[in-house]
Every structure is written in structure tokens, then in C-alpha cells.
Amino acid sequence: NDLDDIKAVFTQLAKRGQYPELVIFQAKPAIQAESESVSYDVAQLEQRWQQTGFRLFLWAQAAMAALQPSAKQRFTANRHATFIALGADLASQPDTGLAVDSGLYAGMRALMQSLAREFQPQGVHVAYVGLAAQSSSAAAAQLCWQLHEQPRSAWTHEVVLVS
């Protein structure tokens, strides 16, 4: 099952004495679909949900278990744990040709907002990065590192990358 596989990643790290400071989840890219169509393939919609919101939920569950205890034990005021979800800018800027995925990414965004409120007091920085279709992977990587390096007093919880 997916949750067991995801938890195994963190278990293997812990067995080696390695504990993550930064965990990044990336959803599958949005797919083009006719918004006006009422004949969506239900199996395709279920698969999209599994690849976006549900998979993020599973990764968040495992990551928070790995990150939160370490926030108290290993991190100082200058160091902290970070969990970032890379989604799409559709979460806040829906595109009429991508209505199905807009809802999925909006759900991811909402989950990340809830996690930020819950885990910020424990020293875990949680952020949602909405990627525009033309965003480069190099720019996304640089942005993720900048978010991780932010001092706790200036944490950003949501950003859209359009470069």
C-alpha cells in the first residue's frame, strides 16, 4: 500500500541515522480537459485524485511524523524542518480548460494551509508552491531552497512561480 511504501522511505533514513530537514512533494502535472464536458472518465478522475490530493495527504502524514519530533530535538532558532508541496497555480488561478485539476490543486492548497497552522508552532515550515505551466525546474528548486532557508520570523506559506 502507498502509505507503507512512503513510511518505509523515512524508516530507512532513520535506520541510517539520517533525518530529513526538507521534504518536497510534487504532484503530477495538470492535464488539459474540456471544462464544459459532462462526460469525464470517472476512472481518470479517481486516478488524478490519487496522484494529487490523496498522495499529498499520505506524504504529509509520513513527513510530519518524521519532521515534527526532530523540530524539538535537533533544530535551533536558526534551523528548522520544512515540508513543501509543489502543485499548480490552478489552485488559486483556475484555468477554464483545466477545471477538473483546478479543484484537485485547490484541495492540495487547502491541506497545506491547514498543516501550516497546525505544525508551525512545533517548528515545521509548511509551504505550497503553485507552479505555472512555464515554470522551470531550476527555478522551482531554487525557490524551494529559499523557502527552506527563511528565518522562522519570515516564513512564507504560499507562493506562485511564474518564471
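The values are calculated or read from the model by the stated rules, or taken from the named source; none is laboratory data. Note that the structure is predicted; figures quoted are calculated from it, not measured. Heads up, the Cβs are rebuilt from the backbone with ideal geometry, glycines too, and the neighbour counts pull from every protein chain shown. Just the protein is used for accessible areas: all its heavy atoms, side chains included, with ligands, DNA and RNA removed. Shrake-Rupley method; radii C 1.70, N 1.55, O 1.52, S 1.80 Å.
Just a few scattered comments:
- Qualifying residue in the range 124-135 (condition: surrounded by fewer than 16 Cβ atoms within 10 Å (Cβ to Cβ) and modelled with pLDDT of 95 or more): no
- Considering the range 1-32, the residues that are more than 22 Å from VAL124 (Cβ to Cβ) and outside any helix (DSSP H, G or I) include one that is modelled with the lowest pLDDT, namely GLN32.
- Test: residue in the range 33-54 that is at pLDDT below 80, under 21 Å from the mean Cα position of the chain (by Cα) and not in a helix (DSSP H, G or I): no
- Residue selected from the range 93-119 under the condition open to solvent by less than 50 Å² (accessible area, probe 1.4 Å) and under 19 Å from CYS144 (Cβ atoms), by the criterion modelled with the lowest pLDDT: TYR105
- Considering (1) modelled with pLDDT of 65 or more; (2) in contact with a strand residue (DSSP E or B) (Cβ under 7 Å, 6 or more places away or on another chain); (3) buried (at least 20 other Cβ atoms within 10 Å of the Cβ), the lone condition that GLN68 does not fulfil carries the number (3).
- Count of residues meeting criterion [out of contact with any Gly (no Cβ under 6 Å at 6 or more places or on another chain), in contact (Cβ under 8 Å) with a residue 40 or more places away in the chain and surrounded by 13 or more Cβ atoms within 10 Å (Cβ to Cβ)] in the range 146-160: 5
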